[in-house]
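Notes follow the structure.
The values are calculated or read from the model by the stated rules, or taken from the named source; none is laboratory data. On a predicted model such as this, the values are computed, not experimentally measured, just so you know. Note: ideal-geometry Cβ built from the backbone for every residue, glycine included; neighbour counts use all protein chains shown. Heads up: the accessible areas ignore ligands, DNA and RNA and are worked out on the full protein's heavy atoms, side chains in. Shrake-Rupley method; radii C 1.70, N 1.55, O 1.52, S 1.80 Å.
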Amino acid sequence: MQDIIQVGWSVNEAVAVSVAVGHSIAGYDCVVTMKIPGVFQAADAISTSAFFSTDAGALVIYAATDYAPSSTQHVIDSRYFFASSRLPVIEPRNHQEMYEIAWLAADISRKFKTPVIVLASGILAHSEGLVTTKIPGKIEPRALPENLHDWMLMPNIARANYNKATLERIPAIQNWAEASPLITEIKGKTDWGIIVTGESEMILKEALKIIKVEPSILSTAISYPFPKERIRNFASKIKGKLFVIEDGDKFFEEKIRLSGINIIGKDELSVVTDWTPEMIIEFLSKHISVNYHKILKSQISLKPVLRPPTICPGCPYRAFSISASKLKKQRKIYASFGDIGCSTLLYYLKALDTVSCMGASDSIRQGFVMSRPDMAGKVISIIGDSCECHTGLDSTRNAVFRNVPGVKVILDNNITAMTGGQPSPASPLNLSGKATKFSLKKAVEAEGGRTVVINSYNLKEVDNALKKAVDRAEQGEYTTLILEGLCINQTDDKKKIRKIKFNYELCRKCGRCNICPGIEIDDNNMPYFTNLCTFCGSNNPVCIQLCPSDAIIPFDENHIKQVKKTPELPQITAIKKISINKKTLPDSLRVAIRGIGGQGNLFFGKALSEVALRTPYSETTIVKGDTHGMAQLGGPVISTFSCGDVYSPILAHGSADVLVVMEIGEALRPGFLELLKPDGTIIFNNFKAMPVNLKKEEYPSISEIEKSLENYKLIKIDANKIAYDLGDKFGKTANVVVLGLLSTIHPFNAIPEQIWLTALMALSPTGFIKSANKIAFKQGRKIIVNE
């Protein structure tokens, strides 16, 4: 990939934008990607770059919105900021346009000598769709000018450039946009019409299909500059009411109103920031007659349990959370100021109290301590290594500069863990696989203050270091504790094989080991290891360090050798190719899967997409979406898949052919059962995972949940047991077992078994995994026969 396009991570968004400006000055095209908080972190660099206006390489800023919000704290409509910066804003309407927008945005940037904003909906960013690819183009870099004086922005120059952007550049882009493919008109009835922007078009089409109406629609993928003449022309054709549908706030609606057009949009104090098909139908039905029978809410009285996401089994943060929560319980620590990332999840372990923006944890602590100097030893700050490298080092420097005593804890897991495992400066290797020369420890030490490095898996060492640091803060000293321990998801799988067991003769049933999803307590208050245990990545397991009776002991060597041994499985033979008559397939297939993070729910979408690609559905829309919420291990997850005559990854009520419940309590999540068609099927997997800090009696029993679902067509399966009965190495194939069952259920059974297997083999990287997945899939296909 690096020989085709140069890809790299910068330490933060402001730096990344300025790096991109440098690439552009050098004559090369560049795109900067970020989530919406990054826009505001980089606001200075973005708004400054807006007022350069000279020949250069293309500069495209891709920002993913989060109007839910699902992974940020920002429900902010950034279009107002971009418009005031005189930056064109493009909002892709679907996956194909998202793919193609890179070419178009770069062309606009070069043609009009401006940075271009691609504002991608969080729904698009959290989903995938089938696209038709293009042959990559190659753009030669622009020649360097004689000098770079055009890149000077003294205040008087900035003012002149602002005027030029306002009076010349934006009108020129506006004229171009009026006739561009970014605006399309769908001709329909003219008694009422709809103007829609961005990704809302997909949701709108899904809604209109349900209520079977075909109004005229003006759809735009450019929201700034506002295509005024095109809007006026469309509005003049509509005889009746005109509606506007958009994500975010009322940016586009306000522009339409300023143009003197009567439009029906969101209420004055509306909190709608992203739409679902039901919301659009409800909105329209307030103003026009709509033939739609609303799907009634499930009448189930059982309530879903709160299921906060948790840090992973074996996470290097575990020991610190125990130490910090203990000191808080003893009132030796009043509060822990937190930061963004995996460390945020320590809130659910009672080790953290606040979270603001990235890098702010110690800055907030400093302000608190400067106002209340007597509490310097009563509060601490917590931050991850990537966040410290992002903007946290500024806070470290500020604490030393302003002589603010206290304790800062850096949880260093060597990676940017929560958002996908990208390298940070603290990682041993960069994106190119080369050794990183940056040293987090040396950087922190260079700021001044006292720096202590600790093994994050050594509970006693963590305990002692935290207590000493708090005591020193009382004496006016500033200490940074760096707790080092590799992210468990970056650890070699061989190091995660459990080598310990319980000696129940020694166990006191005290429950002190019940600290992570790798251990649960049975009905007799006896602890047992779950299949999630990772043996703390072969570090000293924290549960052993907590056990007061030495009841956790090693397996004998023969058992360990047996577990490590890869069983011999039948070799995969060639699967006969088969073709399908399009007429034998239903118009569409839709399924929604609910479970918890760590169960492999997203695999369903991958597998189903591969299946659909091997059928006539490859000529239609194929789209899959993932959770709209925090999906860290243990948190609620919803995944969707649709193909055929479909539009959106957001399923409408009453549209799903099948619902899959991978964890029993997740069937009760609000709005989930409503997705099912009246004649649809629920696959119900008998697997229960206790949320963090929940008492057993607070969790509904499986019989209660099954009784609440008695009016639904329910197919029960114990996929986890089936997988483990196949052998230890099959523990992670429960989702494949369920996939096998799904392949036998109407209407998915219209697709032959050979195609399912071919798709599954394409996703299986090794011979062993291919064999294991095939066996697990076949086991799942047997279930329906036994019902």
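Which log10 I(q)/I(0) values does the stretch 599-752 give at q = 0.10, 0.15, 0.20 Å⁻¹ under the Debye formula, counting every alpha carbon as one identical point scatterer? These q points yield log10 I(q)/I(0) values of -0.37, -0.85, -1.52. The distance linking the stretch 707-724 with the stretch 102-124 is 47 Å (Cα centroid to Cα centroid, whole angstrom).
I638 sits with roughly 40 Å² accessible to a 1.4 Å probe, with DNA, RNA and ligands left out of the calculation.
Compare the peptides 436-449, 324-337 by average per-residue count of other Cβ atoms within 10 angstrom and give them in order, highest first.
On the way: 436-449: 15.4, 324-337: 17.2.
Ranked by mean Cβ neighbours within 10 Å, highest first: 324-337, 436-449.
The stretch 310-333 and the stretch 35-75 have their alpha-carbon centroids 36 Å apart. With the gyration tensor restricted to C-alpha atoms of the stretch 139-239, the semi-axes of the equivalent ellipsoid amount to 40, 16, 11 Å, longest first. Taking 18 Å as the straight-line reach from the Cα of K328, the lysines in range (excluding those fewer than 8 positions away in the same chain) are K350, K378, K408, K460, K467, K468.
In square nanometres, what is the average projected area of the Cα convex hull of the stretch 407-448? Please report the intermediate quantities before stating the final value.
Working: hull surface 14.0 nm².
Computed as one quarter of the Cα hull surface, the answer is 3.5 nm².
Relative to the 2.2 N^0.38 Å rule of thumb, the stretch 1-88 has a C-alpha radius of gyration ratio of 1.11.
Looking only at the chain, where both bridge partners belong to it, what percent of the DSSP beta bridges are antiparallel (to the nearest 5)? Display every interim value, and only then the final one.
Values: 31 of 92 bridges.
Restricted to the chain, the bridges split so that about 35 percent are antiparallel.
How long are the semi-axes of the equivalent ellipsoid of the stretch 595-685, taking √(5λ) for every eigenvalue λ of the Cα gyration tensor, in whole Å from largest down? Walk me through the numbers before you get to the answer.
Numbers: eigenvalues 94, 50, 26 Å².
Taking √(5λ) for each Cα gyration eigenvalue gives 22, 16, 11 Å.
By the rule of a C-alpha distance below 22 Å, with chain neighbours fewer than 8 residues away ignored, the lysines paired with K111 are K134, K138, K164, K228. Given K329/K441; K189/K624; K624/K774, which pairs have Cα atoms separated by over 28 Å? Going by Cα-Cα distance, K329/K441; K189/K624 fall outside the 28 Å limit. For the stretch 1-127, the relative contact order works out to 27 percent when only alpha carbon pairs closer than 8 Å and six or more residues apart are counted. Report the normalised scattering of the stretch 225-382 as log10 I(q)/I(0) at q = 0.11, 0.13 Å⁻¹, calculated by the Debye formula with identical scatterers on the alpha carbons. Once normalised to I(0) and log-transformed, intensities are -0.76, -0.81.
Give K677/K770; K113/K239; K716/K770; K212/K707; K501/K732; K239/K582 a once-over and call out the pairs whose C-alpha atoms are over 30 Å from each other. In this structure, K677/K770; K113/K239; K212/K707; K239/K582 exceed 30 Å between Cα atoms.
Calculate what fraction, in whole %, of the accessible area of the chain sits on carbon and sulfur atoms when a 1.4 Å probe is rolled over the protein chains. Don't jump to the answer; show the numbers that get you there.
Details: 19090 of 36500 Å².
On the chain, the fraction of accessible area on carbon and sulfur atoms equals 52 percent.
Placing a pseudo-label 7 Å from each Cα along the Cα-to-Cβ vector at S703 and D374 gives an inter-label distance of 5.8 nm.
Protein chains only, probe 1.4 Å: how do C510, C389 rank by accessible area, largest first?
Details: C510 75, C389 15 Å².
Output order, biggest surface exposure first: C510, C389.
As a rough guide to protection, the peptides 607-617, 153-163 ranked by mean Cβ packing within 10 Å, highest first, stand as 607-617, 153-163. Model label sites at N531 and D679, defined 7 Å from Cα along the beta-carbon direction, differ in position by 3.4 nm. In whole percents, the pair-distance distribution calculated for the chain from its alpha-carbon pairs, binned every 10 Å from zero, is 2, 12, 20, 23, 22, 15, 6, 1, 0.
Relative contact order for the chain using alpha-carbon pairs under 8 Å, separation at least 6, rounded to a whole percent? All intermediate terms of the calculation are to be shown ahead of the outcome.
Details: 1519 pairs, mean separation 78.5, N = 787.
Computed value for the chain: 10 percent relative contact order.
Listed by chain and number, the aspartates and glutamates whose C-alpha is less than 20 Å from the C-alpha of K250, apart from same-chain residues fewer than 8 away, are D66, D77, E91, E199, E201, E229, D267, E268, D274, E278, E282.
Would you compute, from DSSP H runs of 4+ residues alone, the mean residue ellipticity of the chain at 222 nm, taking -39500 (n - 2.57) per run and dividing by the full residue count, rounded to the nearest 500?
Counting only the DSSP helices, I get -9000 deg cm²/dmol.
Between K782 and R450, the modelled labels are 6.4 nm apart [label points 7 Å from Cα along Cα→Cβ]. The tail of the calculated P(r) for the stretch 409-509 beyond 15 Å holds 72 percent of all Cα-Cα pairs.
For D77, D471, D3, the ranking by accessible surface with the largest value first comes to D3, D471, D77, using a 1.4 Å probe.
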